[in-house]
Amino acid sequence: MKNIYLIGMMGSGKTSTGHELAKLLRIRFVDLDDLIVEETHQSINDIFKKEGEAYFRCIESEVLNQVASGSDQVVATGGGIILKTENVEKMNHTGIIVYLKTSIEVLWERVKTATDRPLLKTKNPQKTLADILRDRAFLYESAKTKIFLTDQKSPKEVADEIYRTCFVDR
Ligand code: S3P
């Protein structure tokens, strides 16, 4: 089986849904942000603070390339993975891309108390989140193979839906 890449904004549930989907499919779950932390021995916050976003994006692409050389994996990506065309091409060639689409209201509810989202360390994080979504919406939409709406659904419900749609009712 090819890889299943979960894309979407921070707070869309990629990691928790990915865990559930990997259980259903009985395959490995991989989280790109976790691999970046392992590889660099730094937290995502520290990488952004000390090395900057451009450096983070380089490591992110490197780690994606490593993961993409394997198969049979559910891969939770970071929200910005779609910023580089080469990342989208890599995912497309090595698997299917599943977009977890979430409304700005629900995203904000889920991330407003989080401290591990460096891009939201601004004066007005709610506006920053909305700006990021506005800038990226088109990239998520055009990268996706399939789309699933996640508002009001648990990660298990979303995973069940992906499983049924992509792997059972075909
Ligand atoms: C980012 C999302 C984060 C993490 C980094 C950058 C983004 O991952 O990769 O903070 O650009 O949206 P999550 O989407 O898992 O929060």
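The values are calculated or read from the model by the stated rules, or taken from the named source; none is laboratory data. What you see is a predicted model; the values in this text were computed from it and never measured. A quick note on method: Cβ atoms are made from the backbone with ideal geometry, for glycine too, and the neighbour counts reach across all protein chains shown.
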Using the structure shown, decide if Met9 is part of a loop (DSSP other than H, G, I, E, B), at pLDDT 95 or above, out of contact with any Pro (no Cβ under 6 Å at 6 or more places or on another chain) and surrounded by 15 or more Cβ atoms within 10 Å (Cβ to Cβ).
-> yes
Taking Glu86 as meeting all but one of (1) within 21 Å of Met9 (Cβ to Cβ); (2) away from the ligand (no atom under 13 Å from the Cβ); (3) surrounded by 13 or more Cβ atoms within 10 Å (Cβ to Cβ), write down the number of the exception.
-> (3)
Examine segment 54-67 for a residue that is in contact (Cβ under 8 Å) with a residue 60 or more places away in the chain and polar (S, T, N, Q), and state whether such a residue exists.
-> no
Give segment 2-39 a look and list any residue that's charged (D, E, K, R) and either more than 22 Å from His93 (Cα to Cα) or away from the ligand (no atom under 13 Å from the Cβ) (or both), or say none.
-> Lys2, Glu20, Lys23, Arg26, Arg28, Asp34, Glu38, Glu39
Looking at segment 12-29, which of its residues are among the aliphatic types (A, V, I, L, M), surrounded by fewer than 18 Cβ atoms within 10 Å (Cβ to Cβ) and not in a loop (DSSP other than H, G, I, E, B)?
-> Leu24
Any hit, segment 102-117, residues being in a loop (DSSP other than H, G, I, E, B), without any contact (Cβ under 8 Å) to a residue 24 or more places away in the chain and either under 15 Å from Lys144 (Cβ atoms) or of a type in the set (Lys, Arg) (or both) = yes
Any idea how many residues of segment 40-77 are part of a loop (DSSP other than H, G, I, E, B) and under 24 Å from His93 (Cα atoms)?
-> 5
Pull up segment 40-78, narrow it to residues that are among the basic types (Lys, Arg) and within 13 Å of the ligand (Cβ to nearest atom), then point me to the one that is farthest from the chain's Cα centre (by Cα).
-> Lys49
Residues satisfying the stated conditions in segment 136-160, i.e. under 21 Å from Arg110 (Cα atoms), without any contact (Cβ under 8 Å) to a residue 40 or more places away in the chain and surrounded by fewer than 18 Cβ atoms within 10 Å (Cβ to Cβ) = Ala137, Ser154, Glu157
Could you grab me the full set of residues in segment 30-39 that are surrounded by 14 or more Cβ atoms within 10 Å (Cβ to Cβ) and assigned to a helix (DSSP H, G or I)?
-> Leu32, Asp33, Asp34, Leu35, Ile36, Val37
Please give the number of the condition Ile132 fails out of (1) within 13 Å of the ligand (Cβ to nearest atom); (2) touching a Ser or Thr at 6+ places or on another chain (Cβ under 9 Å); (3) in contact (Cβ under 8 Å) with a residue 60 or more places away in the chain; (4) of a type in the set (A, V, I, L, M).
-> (2)
